[in-house]
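The values are calculated or read from the model by the stated rules, or taken from the named source; none is laboratory data. Here the structure is a predicted model, which is why all the values come from computation and not from measurement. A quick note on method: Cβ atoms are made from the backbone with ideal geometry, for glycine too, and the neighbour counts reach across all protein chains shown. For accessibility, only protein heavy atoms count, side chains too; no ligands or nucleic acids. Shrake-Rupley method; radii C 1.70, N 1.55, O 1.52, S 1.80 Å.
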Amino acid sequence: MGEKIGRRYPVVMSTYLGIMGRILLQNAGFFSLLLSQMACELGQELDQILGNLIEMWVDRMDNITQPERRKLSALALLSLLPSLN
């Protein structure tokens, strides 16, 4: 999910975000594993990958026009918030 895709093809990016949101909501363990694998392959910290994903997700929320997908995305983002804070 590169930055170029998000700017050039907002519909594609909103589809990617919908898929990520569905994975996160239906299988949080797999989502964590996916992020860990991405961090390992990119040589970055897990927190950095997650931070970049959240930042991009919030920036691209306006591109999601279908109410159902928007709701899914919002719920997925909210599930990333720590429950202790």
Close pairs from region 37-55: first farther than 16 Å from Ala76 by Cβ, partner open to solvent by 70 Å² or more (accessible area, probe 1.4 Å), Cβ under 6 Å, at least 6 apart: Ala39/Leu46
Selection status of Ala76, open to solvent by less than 80 Å² (accessible area, probe 1.4 Å), more than 18 Å from Met13 (Cβ to Cβ), in a helix (DSSP H, G or I) and out of contact with any His (no Cβ under 8 Å at 6 or more places or on another chain): no
